[in-house]
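> So that we are looking at the same thing, I have put the structure below in structure tokens.
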Amino acid sequence: MPVTPRQALRLVRPLAPAISWAPIAPAGGLALLLVWLRAQDAYSGPEELIVALRAAAILLAAAAAFALDDAAAGTTASTPSPLLLRRTVRVALVALPTTALWAGALWLAARKPLPEPSSLPVALLSLELATIIMITLALAAAVIRWGDSNSGGLAASSALLGLTVLTWLIPEGVRPWVYPGEPQWAAAHRWWAVALIASLAWFVWAGLDPRRRRRPQGPAGGGLGTGRRTRQTTGSGAPVQGPACREARRRAHFRP
Amino acid sequence: MNDPTVEITGLGRRFGRLRALDDVSFSLDDGITGLLGPNGAGKTTLLRCLATVETPDSGRLRILRRDPGSVSERTEIRRRLGYLPQEPGFYPNFTAYDFLDYLAVLKELVDDGQRRREVRRVLDAVDLGDRAMTKIRKLSGGMRRRLALAQALLADPQLLILDEPTTGLDPGQRLRFRDLVSRLGEDRTVLLSTHQTEDVAALCERVIVMDRGRVLFDGPPRGLAETARGSVWLAEQRPAGGGVTWRNADGRYRTIGDPPAGAELADPTIEDGYLLLVGDAALADVA
Amino acid sequence: MTAATPDTVRPVRRHGGLRAAARVRVLARIEGRRLLARPTVLAGAGLSLLTMVTLTRTTAPVLNRDDTTASAALLVLAAATLLATNAAALRSRRRATDELLASMPTPPRVRTLASLCSVAGVVALAGLLGGAFLLWRLAADPVTAPDPFELLTGPALVALGGCLGVALARWAPSVTVAPVVVVGLAALEFSVNLLIGGSEYGGRVKWLAPFVGQHGVARELLIRPTGWHLAYLVALVAVLGCVALLRHPATRPTIATAGAAVLVLLLAGGAQLRPLDPAQDPNALAAELTAAAAQDCEQRDDVTYCALPGYEPWVDRWAATVEPVLARLPERARPRPLTVRQDFLGTRLESLADHGGPGTAAEPTHSEVRPGLWRGRNAGEGAYQFGLALGVAALAVGLSPDGALSPADALPGQVGEGLQACTPAGQARSVVALWLAGQTSERSAEYLRNEVERQGGTTAPAIGTPAPEIYFARPAAHPIGALNFGGWEAAVAVQLLRQAPDHIAGLVDRHWDTLSDPATTTDEALALLGADGPAPGRPPADVSDPSSTEAGSSGTDWRLVACP
């Protein structure tokens, strides 16, 4: 059954209280403080401001990492609402305050007089923020998928910090942290875009229902294992699987 | 005469408006006592009070001849206590051995050799000896239940409090559990809460039935069954009207209460006595 | 389950009245082993070691700076330890075993204490990493001596991270807290100067932060209260531990320890903030050390080498670079006298400039080359050798440090005074100097080739870049403190290096007077030296155009002129 926007909207109210909102406010507050401090400093130039904005992005990503943690994952796994839809709604909900905080950080940064307005490339820095958050969420999705449904955020935020240190240590020519005016500026952001798309694809893949990807296996000669879909019924003849069953589950889920 | 292991007088506990325990009084000695009751009867609250993790609001409680209200005596109680909670948590990345080893230290078994032997002993007692090095996240639900039981046996406690210990065990494991607990009950006090009346029948010398925070029955299991004598009926057809009725495995309908038309009197069981006492509240548990 | 016979259910001998210390010891051992096996801690240790190596592999060991580098790198392990101890201390909450553990005779306070003590293993690991790094540096001909207090700061930071993780778990029991705290602390640590202001010398308040870097300033000029800071950190560790324990009912030992720790914290913290006494002023120290260096100069043939105290082993390395340059020069062209005088101008000392310069340190003369307090090694050795050799070669071809940077009359339309920097780009002597520097060793030549290739021949490798600072000219307060020899000139020099050195040396000798004349152009040098094959492409005109102007980042306009 195709996913509809209405279905997504219906999930907003029940999912909102299930998200870990706690880290977003302190992370956002710290992020704004860091950027404000740099903007106030007379001796800081565009590069220092960009460093502060990047630190703010990492803070916001560390807080957003917990968006996918779900203590009831085992219970909700068998509901008709697809996992990917639920995760997307969670991410969309967290994106709202994150975007507002990022906009606030950019506004604070823009208040600092710079030699050239192009010293603060807002669009590309926002691309970096989106990529960092997406990578973190992709890591969280992977941990949840193959590990513990309630530890994705912790593992992903820890991995994010480790990755940040690692990217700072790699040779300058391949480091993602470049500055406007450097020859690799444009090329680096092409790689940022690639990383965004790749992490988004991973996030989607990790959210797909595993049954959709696995072919049923069993004895040959009929039933499962021949690759042909067979009709299984209960004792009374009602189908165990099939449209009627899915419809029943859908009605049960969306009972008013 | 020795003081009883557990002595409860007028115990009360409220959670807001809800009276989880209401003037509960009884005492326990060595042997196995079963605690029966529908969901919300107060069994878990009572067990938590006896395990010293919950504090009653009123009444008097003495455990192992000590007052759990005093910090030092509470610690002494905990040294001699084994508790299996209704929902024991686990550390998924620990092995079964590591988990028991950790809890054994918390039970003050600090000597490495002694602790090692004790952990092995309880693992063997619950038939998990060959799974000692398996991570808990790879154990089945039944194995985890057995692991939880094993931790309650650490340090050979004088008082064992088991909250629904057979949940998740298959019939064979349940039989072996009965054998283990029956031997443990020979020289210590065991209080176990269960929904399985067969366990009560097989294990317990005494059964306490609770509902809505109150004790409704305290006596031998046979006595609980006898309370329903003359009130249990078997009929071929589902009787019309009210009463507690359900369908047996043999296809006949068993009724407790007034005799339905055409029904014959049946010998009561512990379950009949329990249902007669707690009425509709327990019907959902049975159905 | 096996049949439990009475024989197997033996009563266990009780240990009544156990001291909590025994439980803490055993629990700490269990927790410590698990902590050391956590992927977070292992990754943190690996990243710390990688950081130490990455930051220092291209520079020669200078142990009075490497010790701070080791501590800085261990901040990564400290952060990892914070995350790991926090997760471990929250384990019972995350896995819903609080009820089970509440029925145990061991109180939660003992578990918290054990969690705190479990950090000892990771602290030992930090010590091992620092020790291994130090041994690695010791094996590569180090100079100066490390500060033992500085070396112990790294493990103390790890202990701090661990205790903070436990304290957070007790007072803010949520897994979401620790990652945000780590990033926030890291960002604030690097912004400490913004928070409390002050220059490197005046801002003693920054010592209240857990870690204070050297900010590229010479260690010899910067009095770091490392002993007091270590005591401060240890006291901070104790305070955090007590904060964690005070989440439970307070005991007398905890309160007493907390009181003592706070006292030590205040004492040590206050001691760090004491103002320097006049003898410790950086200017005075610089003058004293420079004078000491002047007294212990070493004469080798016609060259005088003056190393600062502790850097004497570097004289051999300098000589190995300088002598090949002199050997290719015509006898009459050798700068006499020539002094290789190490000084502090190679470090970032804007504040010294604010204070009017390094006191009695002599201004660069026509016959001096001044290496700084860094020396290149491995991949950085080529740049270092090239830079030092280029300094000597520049003197030989008549480039003067006095002309490199000087005040200029205000340019039309300019507000205030201007500065002008000279460049030998476009001059034949630039090619000669570059060739002389490149031919001293294979590494030197390789460096020049790589720079030309990397920069596309359009910008020049200025002396002193990329890593070691060897300033030919006064750095002053201007960001441009080195000469720009020209990208095309560098490309021509690379071509000359492909030919036999003796052959080029002969041509240089024969045409020295012409080649060293400022009026001789690069084109003429090509003809005289007969570079093989077609001439390298000229760079765009505006790069080597001496009349171009640029705005400096400090706001002062300056312009390029041809060096006299």
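> Taking region B:232-267 as the region of interest, how many residues are loosely packed, with under 14 Cβ neighbours inside 10 Å and not in a strand (DSSP E or B)?
Residues meeting the conditions: 14.
> Where in region B:68-125 are there helices (runs of 4 or more DSSP H), lying fully within it, with 2 or more residues that are at pLDDT 95 or above? Steps first, answer last, please.
Working: elements: B:71-79, B:96-106, B:112-125.
Of the helices (runs of 4 or more DSSP H) lying wholly inside region B:68-125, those with at least 2 residues that are at pLDDT 95 or above span B:96-106, B:112-125.
> Suppose we filter A:S199, A:S149, A:S158 for residues that are within 14 Å of chain C (Cβ to nearest Cβ) and part of a helix (DSSP H, G or I); which single one remains?
A:S158 is the lone residue from the list that is within 14 Å of chain C (Cβ to nearest Cβ) and part of a helix (DSSP H, G or I).
> Return the residues of region A:1-41 that are in a loop (DSSP other than H, G, I, E, B) and within 14 Å of chain C (Cβ to nearest Cβ); say none if nothing qualifies. First the steps, then the outcome.
So the first thing to find is which residues in region A:1-41 are in a loop (DSSP other than H, G, I, E, B), and the list is A:1-4, A:19-23, A:41.
Within region A:1-41, A:I19, A:S20, A:W21, A:A22, A:P23, A:D41 meet the criteria.
> Looking at region B:160-185 only, could you name the residues that are facing chain C (nearest Cβ under 8 Å), touching a residue at least 24 places away in the same chain (Cβ under 8 Å) and in contact with a Pro (Cβ under 8 Å, 6 or more places away or on another chain)? Working first, answer last.
Taking region B:160-185 as the starting set, the residues that turn out to be facing chain C (nearest Cβ under 8 Å) are B:173, B:176-177, B:179-180, B:183-184.
Checking the rest, the ones that are also touching a residue at least 24 places away in the same chain (Cβ under 8 Å) come to B:173, B:176-177, B:180, B:184.
Passing the criteria: only B:F177.
> Follow-up. Select, from C:L90, C:L129, C:L113, the only residue that is crowded, with 21+ Cβ neighbours inside 10 Å and under 25 Å from C:M52 (Cβ atoms).
Working: C:L90 fails: under 25 Å from C:M52 (Cβ atoms); C:L113 fails: under 25 Å from C:M52 (Cβ atoms).
Step by step, each of C:L90, C:L129, C:L113 is checked, and only C:L129 is crowded, with 21+ Cβ neighbours inside 10 Å and under 25 Å from C:M52 (Cβ atoms).
> Can you tell me which of (1) within 14 Å of chain B (Cβ to nearest Cβ); (2) more than 20 Å from C:V122 (Cα to Cα) is the one C:G32 doesn't meet?
Going through the list (1) within 14 Å of chain B (Cβ to nearest Cβ); (2) more than 20 Å from C:V122 (Cα to Cα), C:G32 breaks only (2).
> Considering only residues that are without any contact (Cβ under 8 Å) to a residue 24 or more places away in the chain and either basic (K, R) or more than 28 Å from B:E73 (Cβ to Cβ) (or both), look in region C:85-123 and name the one that is nearest to the other protein chains (Cβ to nearest Cβ).
In the first step, residues of region C:85-123 are kept if they are without any contact (Cβ under 8 Å) to a residue 24 or more places away in the chain; the result is C:91-92, C:95-105.
From the residues that got through so far, the ones that are either basic (K, R) or more than 28 Å from B:E73 (Cβ to Cβ) (or both) too are C:91, C:95.
On the way: C:R91: 6, C:R95: 4 Å.
For region C:85-123, the residue satisfying everything is C:R95.
> Also: Can you confirm whether C:L266 is in a helix (DSSP H, G or I), loosely packed, with under 14 Cβ neighbours inside 10 Å and assigned by TED's automatic domain parsing to the domain that holds C:L168?
Taking the combined requirement at face value, the residue satisfies it.
> Could you please find all residues in region A:171-227 being modelled with pLDDT of 60 or more and hydroxyl-bearing (S, T, Y)?
A:Y179, A:S199
> Between residues in region C:42-64 that are within 28 Å of C:L83 (Cβ to Cβ) and more than 11 Å from chain A (Cβ to nearest Cβ) and residues that are buried (at least 16 other Cβ atoms within 10 Å of the Cβ) and of a type in the set (V, I, T), which pairs lie under 8 Å by C-beta distance while being six or more apart or on different chains?
Hits for this filter: C:T56/C:T69.
> Can you tell me which residue is nearest to the other protein chains (Cβ to nearest Cβ) among those in region B:78-115 that are free of Cβ contacts under 8 Å to residues at least 12 places away in the same chain and not aliphatic (A, V, I, L, M)? Outline the logic, then answer.
From region B:78-115, those free of Cβ contacts under 8 Å to residues at least 12 places away in the same chain are B:87, B:89, B:98, B:102, B:105-106, B:110-114; that's our starting set.
Next, only the ones that are not aliphatic (A, V, I, L, M) stay: B:87, B:89, B:98, B:102, B:111-114.
On the way: B:E87: 7, B:G89: 4, B:D98: 8, B:Y102: 6, B:D111: 8, B:D112: 8, B:G113: 12, B:Q114: 7 Å.
Only one residue tops the list, namely B:G89.
> Looking at B:T52, B:T44, B:T75 in this structure, which one is within 14 Å of chain C (Cβ to nearest Cβ) and on the phi > 0 side of the Ramachandran plot?
Working: B:T44 fails: on the phi > 0 side of the Ramachandran plot; B:T75 fails: on the phi > 0 side of the Ramachandran plot.
Checking each option against the conditions leaves just B:T52.
> Here is a further query. Among the residues in region B:18-29, are any within 29 Å of B:R144 (Cα to Cα) and buried (at least 17 other Cβ atoms within 10 Å of the Cβ)?
Yes, region B:18-29 contains a residue that is within 29 Å of B:R144 (Cα to Cα) and buried (at least 17 other Cβ atoms within 10 Å of the Cβ).
> Given the criteria farther than 24 Å from B:C49 by Cβ, touching a strand residue (DSSP E or B) at 6+ places or on another chain (Cβ under 9 Å) and more than 8 Å from every other protein chain (Cβ to nearest Cβ), does B:T134 qualify? If you could, list the steps in order and put the result at the bottom.
Details: farther than 24 Å from B:C49 by Cβ: yes; touching a strand residue (DSSP E or B) at 6+ places or on another chain (Cβ under 9 Å): yes; more than 8 Å from every other protein chain (Cβ to nearest Cβ): yes.
So B:T134 passes the test.
> Against the conditions (1) acidic (D, E); (2) under 24 Å from the mean Cα position of the chain (by Cα); (3) farther than 21 Å from B:R214 by Cβ, where does B:E54 fall short? Just the number, please.
The number of the failed condition is (3).
> So, restricting to helices (runs of 4 or more DSSP H) that lie completely within region C:348-440, which ones have at least 3 residues that are more than 30 Å from the chain's Cα centre (by Cα), at pLDDT 80 or above and of a type outside the set (A, V, I, L, M)?
On the way: elements: C:350-354, C:381-396, C:401-404, C:428-438.
So the answer is C:428-438.
> For residues that are farther than 30 Å from C:R93 by Cα, assigned to a helix (DSSP H, G or I) and either at pLDDT 90 or above or of a type outside the set (V, I, T) (or both), tally how many sit in region C:167-206. First the steps, then the outcome.
Going through region C:167-206, the residues farther than 30 Å from C:R93 by Cα turn out to be C:189-206.
Restricting the remaining residues to those that are assigned to a helix (DSSP H, G or I) gives C:189-190, C:192-196, C:204-206.
Applying the additional criterion that residues be either at pLDDT 90 or above or of a type outside the set (V, I, T) (or both) yields C:189-190, C:193-195, C:204, C:206.
Adding up the residues that qualify gives 7.
> Further question on the same structure: For region A:70-99, give me the residue count where each residue is under 30 Å from A:G28 (Cα atoms), assigned to a loop (DSSP other than H, G, I, E, B) and either at pLDDT 90 or above or not small (G, A, S) (or both).
Number of matching residues: 1.
> Further question: How many residues are in a strand (DSSP E or B), of a type outside the set (K, R) and in contact with a helix residue (DSSP H, G or I) (Cβ under 6 Å, 6 or more places away or on another chain) if we restrict to region B:1-45?
First, pick out the residues of region B:1-45 that are in a strand (DSSP E or B): B:6-15, B:18-28, B:31-36.
With the extra rule that they be of a type outside the set (K, R), the set shrinks to B:6-12, B:15, B:18, B:20-28, B:31-36.
Remaining after also requiring in contact with a helix residue (DSSP H, G or I) (Cβ under 6 Å, 6 or more places away or on another chain): B:20-21, B:32, B:34-36.
Of the residues in region B:1-45, 6 are in a strand (DSSP E or B), of a type outside the set (K, R) and in contact with a helix residue (DSSP H, G or I) (Cβ under 6 Å, 6 or more places away or on another chain).
The values are calculated or read from the model by the stated rules, or taken from the named source; none is laboratory data. These numbers were taken from a predicted model, which means no experiment stands behind them. Glycine gets a Cβ as well: all are built from the backbone with ideal geometry, and neighbour counts include every protein chain shown.
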